[in-house]
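Values quoted throughout were computed directly from the atomic coordinates according to the rules given, and no laboratory measurement underlies them. All values reported here derive from a predicted model rather than from experimental measurement. Every residue, glycine as well, gets a Cβ built from its backbone with ideal geometry; the counts of neighbours run over all protein chains shown.
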């Protein structure tokens, strides 16, 4: 019932101006936010595509050092997601908090030109992820509040598809810059800063900035226009469905190897040249782009639990291929296809599952609670995987992650099992 609760109110009672989404249509605000994410992801994925190789081959980081920095990169935002979500609900202005997050990330891009050591790089990347943490919950809340509950999966799928278009273009731009520029890495970081500023400009000019009204409901949310208090946001954990969802997201995150490590594993298994490394994320992004909307619509129709767990089964298969499949030219394509399928089946489905669980006036806080649990778990996974790789090698480290994912997925399947006739 947890990921499959689709007993949401009918769209017929949706508020005027909320951007109704009947059938394949989505609200205008979803399309604008998708455009902002597309531009911003070009900027961020330009950096993400070259960062692993830059740190390992140019700066000389060990797998443990890179795992530490990658954990900071992916986990720092988790420490501020709750703050961003709560403040967005408190001031009832999600655009303001999202804009602050996008702005902070844009400011960090040129600072990469000045950073070189572990400390300075860690600080800059932590600030960049802080910006991501501030913006994620308010942005997803705007999407959720603009969409009828029965179409949440589709709307998040459309947004993630547009976001992933940027994720595809970012590595391609980085690849072209590295081939054309004499000082390639600095050029990548400089162009990334300019693109991030453009995304912030689109947000400021075109995303509606109205405040969201609060109203009471059966979940015991605050009434009237008074500010949301911290204890009211934390009280969301008393909701059994949300508590189970956050717990399972964290459990599965503990065995989800970061994208950067996946690409490094693919590169080492097949012997891909360094100049081609920035193109590996394109494989994941292409599949994500193709499947994000169909996976979201399928989750709306057959139940989010089924699609969510199927995505993790695809990731487990990718781990198995990296461990035991022969070193053929088809191996990178298969692994990246499964990697993209995993994201298509989980990234938008998880926030969509909260639509019928969290009251509107606490929507950003609820999204932040679940997102934080997942991000902190993935932070721990990056640290643990980097340490295991350094101590035992990449094969045993990945085998341990695969065994853990199998066990965690089995537990999540039991916790999230449908009840009361739901699927």
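Classified by the C-alpha gyration tensor, the range 226-283 has a prolate form. Its axis ratio a/c, with a ≥ b ≥ c, is 1.5 or above, and a/b is larger than b/c. For the options 197, 249, 330, a Gaussian network treatment of the chain with springs between C-alpha atoms closer than 10 Å singles out 330 as fluctuating the most.
Principal-axis analysis of the Cα atoms of the chain puts helix 63-75 at an angle of about 20° to the longest axis.
Comparing 336, 237, 291 in a Gaussian network model of the chain where C-alpha atoms under 10 Å apart are linked, the largest mean-square fluctuation is found at 237.
Highest mean first, what order results for 298-304, 366-372 on Cβ atoms within 10 Å?
On the way: 298-304: 21.6, 366-372: 27.9.
Most protected by this proxy first, the peptides run 366-372, 298-304.
Exposure proxy shown here: for 259, 128, the number of other Cβ atoms within 10 Å sets the order, fewest to most, as 259, 128.
The label point for residue 127 and the one for residue 205, both projected 7 Å from the Cα toward the Cβ, are 2.7 nm apart. Relative to the longest principal Cα axis of the chain, at what angle does helix 28-53 sit, 0 to 90 degrees, rounded to 10? Approximately 20 degrees, to the nearest 10.
For the chain, the longest principal axis of the alpha carbon atoms and the long axis of helix 304-324 meet at an angle near 10°.
Sorting 256, 390 by the number of Cβ atoms found within 10 Å of their own Cβ, with the fewest placed first, yields 390, 256. The label-point distance for residue 268 and residue 243, in a model that sets each label 7 Å from Cα toward Cβ, rounds to 4.1 nm. Estimated from helices alone, the mean residue ellipticity of the chain at 222 nm is -24000 deg cm²/dmol (sum of -39500 (n - 2.57) over DSSP H runs with n ≥ 4, per residue). Taking other Cβ atoms within 10 Å as a rough exposure proxy, 39, 143 sort from fewest to most as 39, 143. Taking mean projected area of the Cα convex hull in nm² as the quantity of interest, determine which of (1) 35.1; (2) 26.1; (3) 18.7 was computed from the displayed structure. Read-out taken from this structure: (3). Distance between the C-alpha centres of the range 182-207 and the range 276-300: 23 Å, rounded to the whole angstrom.
Between the C-alpha center of the range 335-351 and that of the range 72-151 there is a gap of 21 Å.
Between 204, 26, 228, the GNM of the chain built on Cα springs shorter than 10 angstrom shows 204 fluctuating the most. Placing a label point 7 Å from the Cα of residue 276 along the Cα-to-Cβ direction, the residues of the range 332-366 whose backbone N falls under 15 Å from that point are 332-336.
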